[in-house]
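For reference, the structure discussed in these notes is given below.
Rule-based calculations on the coordinates, nothing more; no lab input. Worth saying up front: this structure is predicted, and the values here are computed from it rather than measured. Quick reminder, even Gly has a Cβ in these numbers, built from the backbone with ideal geometry, and neighbours come from all protein chains shown.
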């Protein structure tokens with residue numbers, strides 16, 4: 001397995017958010033995590049990536065055979081864990097090109113490869129900018145500086161495309177996107193699907209799953225996985241809502 005979450009328990013300010021979550025993600029798979037607001041979806045993604053502010057009180061998160069809980073956030077990123085934020089942050093003064101080349105070179109250095117030459121990076125960068133359909137003028141700014149919500153999501157898809165992580169955690173990347181942007185994001189996720197990587201897609205609605213077919217759908221309710229299944233589970237949730245599962249629990 002690429003990712004194994006074992007009876008994970010997480011608290012924030014003394015309140016238990018995740019109450020024993022377990023799931024396994026194999027290479028080549030796409031898993032969707034669904035659930036109502038406050039169910040723990042974003043907490044799960046943030047804990048895997050190592051975002052501060054969460055207290056892991058039990059269980060483990062194992063990535064490629066090693067516990068992520070023993071790694072700092074930058075060590076997790078270098079190992080190939082990528083988090084696309086629900087609310088992408090701005091980094092004023094940090095140029096996009098500089099940020100992306102530094103990230104790519106850091107990953108390459110850890111793998112024992114030479115840094116990209118300016119020419120090599122420029123070719124890859126321009127191809128990726130065209131793929132995510134983001135204006136080059138925007139990319140001359142600091143990371144996400146002055147970007148609209150949709151532009152920030154495209155910027156993160158540019159990062160995903162260039163950094164090419166083994167494990168992509170997409171925290172409500174579909175939130176606030178119009179239909180064209182939604183199709184673009186879904187297309188990028190579908191194109192990067194390979195036998196050596198995996199994607200965990202956190203979403204509130206099933207509409208993005210009309211463009212991405214997940215291997216598994218997991219429904220989080222009150223900090224626990226209430227049910228798992230295929231895409232048909234997402235369609236049933238769209239029809240009946242989360243109350244259907246709450247009533248059956």
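Between residue 211 and residue 90, what FRET efficiency comes out of the Förster formula 1/(1 + (r/R0)^6) with R0 = 25 Å and r the beta carbon distance, rounded to 0.05?
0.35
Sequence gap at least 6, Cα distance under 8 Å: using those rules, report the relative contact order of the chain to the nearest whole percent.
Once normalised by length, the contact order is 28 percent.
Once fully extended, how much extra length lies between residue 122 and residue 110, figured as 0.36 nm per residue of separation less the alpha-carbon to alpha-carbon distance?
2.2 nm
Can you give me the relative contact order of the stretch 194-249 as a percent, contacts being Cα pairs under 8 Å and 6 or more apart?
27
With 10 angstrom as the radius, rank 192, 141 by how many other C-beta atoms surround their C-beta, starting from the fewest.
Result, fewest neighbours first: 192, 141.
Sketch the reach of a paramagnetic label on residue 75 as a point 7 Å from Cα along Cα-to-Cβ, and name the residues of the stretch 34-67 whose backbone nitrogen lies under 11 Å away.
Backbone N within reach: 67.
May I ask what percent, to the nearest 5, of DSSP beta bridges between residues of the chain are antiparallel?
Percent antiparallel among DSSP bridges in the chain is about 60.
For a label point 7 angstrom out from the Cα of residue 16 toward its Cβ, which stretches of the stretch 31-70 have the backbone nitrogen within less than 11 Å?
Counting backbone N atoms under 11 Å from the label point, the list is 57-58.
What's the exposure ranking of 137, 156, 127, going from fewest to most Cβ atoms within 10 Å?
Listing 137, 156, 127 from fewest to most nearby Cβ atoms yields 137, 127, 156.
What whole-number distance in Å separates the alpha-carbon centres of the stretch 181-219 and the stretch 7-46?
The stretch 181-219 and the stretch 7-46 have Cα centres separated by 17 Å.
Using Cα-Cα distances under 8 Å and only pairs 6 or more residues apart, what relative contact order does the stretch 68-199 have, in percent?
Here the relative contact order equals 36 percent.
Report, in degrees rounded to the nearest 10, the 0 to 90 angle that the Cα long axis of helix 179-191 makes with the longest principal axis of the chain.
80
How do 48, 163, 33 line up, fewest other C-beta atoms within 10 Å first?
Least to most surrounded, the residues fall as 163, 48, 33.
For the chain, what is the calculated [θ] at 222 nm in deg cm²/dmol (nearest 500), taking -39500 (n - 2.57) for each run of four or more DSSP H residues and dividing by its residue count?
Computed ellipticity for the chain at 222 nm equals -11000 deg cm²/dmol.
May I ask for the angle, rounded to the nearest 10°, between helix 231-240 and the longest principal axis of the chain, with both axes built from Cα atoms and the value confined to 0 to 90°?
60
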